[in-house]
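Below is one structure, written out as structure tokens; comments come after it.
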Amino acid sequence: MTEQHDRTIQHGNATGGGVVVAIDVGGTGMKCGLVRPDGVVVHTERHPTEAARGPAAVVDTILDVAEGLTGKAHGAGITPVALGIAVPGVVDEARGVAVWSANVGFRDVPLRDLAVARLGLPATLGHDVRAGGIAEARLGAGREAGHVLFVAIGTGIAAAHVVDGVAYIGAHGAAGEFGHILVRPGGPRCGCGRSGCLEAVASAAAVGRRYRELAGTPGTAAEVAERAAAGEPVAVRVWQEAVEALADGLATAQALLDVATVVVGGGLAQAGVRLLDPLRAALRERVTFHREPRLVAAALGDEAGCLGAALLALDAHGGVSTTMEAR
Ligand SMILES: [Zn+2]
């Protein structure tokens, strides 16, 4: 289950500023790495989260993995200088507490302090989608823009508003719940308990559900995208419904945020132009006096959260954290 990759793991003074240990905790897997202050990833690992074991066991695994990574850095003659952890759900970044998470089961876990106690390194706790957004905005598809909205469309839908490389957190640590914009009043029921949220219409899970409902046969979001491109009428309809709901959500977001670039990531974005081209057209129909944002696919794939966790740690604990020399 566990995979490891050494990229350019360099010994000695080639890595002068040391490395940050970065861990992105997801519902199914953890993406982990050693990241240099210039954003170069020198080592990656993946471990299963096995969330069904309960939050205490997941915390133990996070700390074990972090300890293992610091050991690998030392073994390569590199000094680990800080630890960055990104987790899903509601995160109190100031206190370093994983407040609540549906898929990992965290309830008020003081993860940052636990990590500091175990590793003796300065640590930072961040939110997974905000971390991914920071990485895309600084190092990925949004790097030319100061104002970026990163939208992750997978099982759920969430977003991060990043201005000059810093993600907006909100008063309660809960900004960016893009999936819970109301787009279809009275529509499908959302996991949050309300009907008609964007996530209930346009997430990868929702696309699969809707297709099964109308076609009577199963289909993943990727299959629906493929069948729609091939002209299958039910798939065309389901895909179009999702695209229009996403465009409604993005038009609302743009009215509020006026970003330069929208970076679309997550599983659904793997449909590529089959998503982005119709979405761009649908958004264009919806903007009036607002400026249409550039709509682009995410560039960093599923490593964005891990890179973002590293950037958060570098921001908090010193070092040159970005490659934004052009700014
Ligand atoms: Zn909802």
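Some points to look at:
- Of Arg209, Arg95, Arg53, the one that fluctuates the most in a GNM where the chain has Cα springs shorter than 10 Å: Arg53
- Loop-located GluC sites (Glu not before Pro) in segment 76-180 (DSSP state other than H, G, I, E, B) with a sparse environment of at most 14 neighbouring Cβ atoms within 10 Å: Glu144.
- Equivalent ellipsoid semi-axes - Cα gyration tensor, the chain, angstrom: 34, 21, 18
- Rg and Dmax, both from the Cα atoms of segment 15-90 and both in Å, are 12.6, 40.
- Each of Leu121, His290, Val59 was placed along the dipole of the chain (beta-carbon charges, centred on the mean Cα), and the one lying farthest toward the positive end is His290.
- Computed packing ranks the peptides 66-78, 27-39 as 27-39, 66-78, most packed first, by mean other Cβ atoms within 10 Å.
- Surface share of carbon and sulfur [accessible, 1.4 angstrom probe, percent] for the chain: 54 percent
- In the chain, the longest principal axis of the Cα atoms and the axis of helix 128-139 are about 80 degrees apart.
- With protein chains left intact and a 1.4 Å probe, residues in the chain average 43 Å² of accessible area per residue.
- The spacing between segment 234-287 and segment 99-116, judged by their C-alpha centroids, is 32 Å.
- The 1.4 Å probe gives accessible areas that order Arg291, Arg237, largest first, as Arg291, Arg237.
- Within the chain, helix-based [θ] at 222 nm, where runs of 4 or more DSSP H residues each add -39,500 (n - 2.57), nearest 500: -12000 deg cm²/dmol
- Antiparallel %, DSSP beta bridges [both residues in the chain], to 5: 60 percent
- Projected over all directions and averaged, the alpha-carbon convex hull of segment 23-149 occupies 7.8 nm².
- On full extension, the segment bounded by Ala102 and Arg291 gains 64.5 nm, given 0.36 nm per residue less the C-alpha separation.
- Cα-based Kirkwood hydrodynamic radius, segment 87-194, one decimal, Å: 15.0 Å
- Exposure ranking of His43, His147 by accessible area [1.4 Å probe, largest first]: His147, His43
- Charge dipole of the chain about the Cα centre (unit charges at C-beta), most positive-ward option of Gly176, Ala253, Ala281: Ala281
- When each of the peptides 104-115, 212-223 is scored by how many other beta carbons lie within 10 Å of its residues on average, the order from highest to lowest is 104-115, 212-223.
The values are calculated or read from the model by the stated rules, or taken from the named source; none is laboratory data. Here the structure is a predicted model, which is why all the values come from computation and not from measurement. Please note: Cβ atoms are built from the backbone with ideal geometry, for glycine as well, and neighbour counts cover all protein chains shown. Keep in mind that these areas ignore ligands, DNA and RNA; they rest on the heavy atoms of the full protein, side chains included. Shrake-Rupley method; radii C 1.70, N 1.55, O 1.52, S 1.80 Å.
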